[in-house]
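Scroll down for the structure; my scribbles are underneath it.
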Amino acid sequence: MNALVNFESLFLAQLQSGDYVGFTFFIGSMAMLAATVFFFVQMTRVDGKWKDSMLVSGLITGIAAVHYFYMRSFWAENQASPTEFRYIDWILTVPLMCVEFYLILKAFGAKQGLLWRMIFWSIFMLVTGYLGETVFRDASPLWGAISTIGYAAIFYDVWFGPAKKLASNSNDPTLQKAFRTLGWFILVGWAIYPIGYMAIPGGLLSGMLSPESMDIIYNIGDAVNKIGFGLVIYTLAASKTAQTSAAAA
Ligand SMILES: *C/C=C(C)/C=C/C=C(C)/C=C/C1=C(C)CCCC1(C)C
């Protein structure tokens, strides 16, 4: 197995019929690319203070698109899970999702402490998950449980903790609605990933799910969360922009 992917194989990767994992890698790479173009174009159309949020949405799907191109050729060549590319992608994109929360709450008094706390727990969640998938695979349920502490901390912040309080104090129904929807992404969308993780051999669901289903589940999770998150931000930015121009008219 070769962790390096040469340039040629990036674009000439083969897809065999019946290779459903490969299929989702190909769809994922194009979906991420298309979403990135969309978010960057829309960035030019929203009001100034929303441009940063749109930029971050485009960066999230853009970083994912590049990794999906690598992951699909890695899969096509080796028929093995591209674990390293996967976690490098996540360690960049998940903290950026935390930045999205910070950016929309900043106007309502969010301090940088909120941002760093969320980023800390997201990295904790991903590093321990990576260890469970690789170095300590025999003990993957234990490392999955440790990783879930990080997930729970972020979930708590958004649903009950300081982030939630800031959003409730904002008195802005459009923002509150977007914040609630992002909260559902954390609760339901992010919960897709531990299901994939439990499919690895020795995992809690390995009796029910084949090992390949892990990558299919992760790919579905990425499409739902990265593109969905960005669309929520876009909807918020577009309606705030429309409200401002209506008020000015
Ligand atoms: C764009 C990528 C995203 C939103 C990735 C999110 C990943 C997770 C929420 C992963 C969570 C995990 C657990 C809660 C326990 C098992 C190990 C992980 C890393 C799969």
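Protein heavy-atom surface of region 1-136, 1.4 angstrom probe: 70% of the accessible area is carbon and sulfur, with nucleic acids and ligands not counted. Cross-link reach is defined here as a Cα-Cα straight distance under 20 Å, omitting same-chain residues fewer than 8 places apart; for LYS111 the aspartates and glutamates meeting it are ASP52, GLU100, ASP157, ASP172. Largest mean-square fluctuation among LYS226, LYS165, LYS51, in a Gaussian network model of the chain whose springs join Cα atoms under 10 Å apart, belongs to LYS165. Just checking the listed ones, ALA35, ALA178, ALA80: in the Gaussian network model of the chain with Cα springs under 10 Å, the one fluctuating most is ALA80. Scan the chain and note any complete DSSP helix (H) whose C-alpha atoms cover at least 15 Å along its axis and whose Kyte-Doolittle average is -0.5 or more. TM-like helix candidates: 20-43, 48-78, 83-106, 112-133, 140-159, 173-184, 228-248. Computed over the Cα atoms of region 84-190, the ratio of the radius of gyration to the Kirkwood radius (Rg/Rh) comes to 1.03.
Rolling a 1.4 Å probe across the protein heavy atoms gives region 1-160 an accessible surface of 49 Å² per residue. Bridgeable lysines around LYS226 (alpha carbons under 23 Å apart, same-chain partners fewer than 8 residues away excluded): LYS49, LYS51, LYS106, LYS164, LYS177, LYS240. In a simple Cβ point-charge model (Lys, Arg +1; Asp, Glu -1; nothing else charged), region 73-191 has a dipole of about 600 debye relative to its Cα centre. Across the chain, Cα-Cα distances exceeding 24 Å account for 49% of all pairs.
Along each principal axis, taking the top coordinate minus the bottom one, the Cα set of region 22-62 gives 40, 13, 8 Å in descending order. Full extension of the segment from ALA246 to ASP19, taken as 0.36 nm per residue of separation minus the current Cα-Cα distance, would add 76.6 nm. The mean sequence separation of alpha-carbon pairs under 8 Å and at least six residues apart, normalised by the residue count of region 20-241, gives a relative contact order of 23 percent.
The values are calculated or read from the model by the stated rules, or taken from the named source; none is laboratory data. Note that the structure is predicted; figures quoted are calculated from it, not measured. Note: ideal-geometry Cβ built from the backbone for every residue, glycine included; neighbour counts use all protein chains shown. Keep in mind that these areas ignore ligands, DNA and RNA; they rest on the heavy atoms of the full protein, side chains included. Shrake-Rupley method; radii C 1.70, N 1.55, O 1.52, S 1.80 Å.
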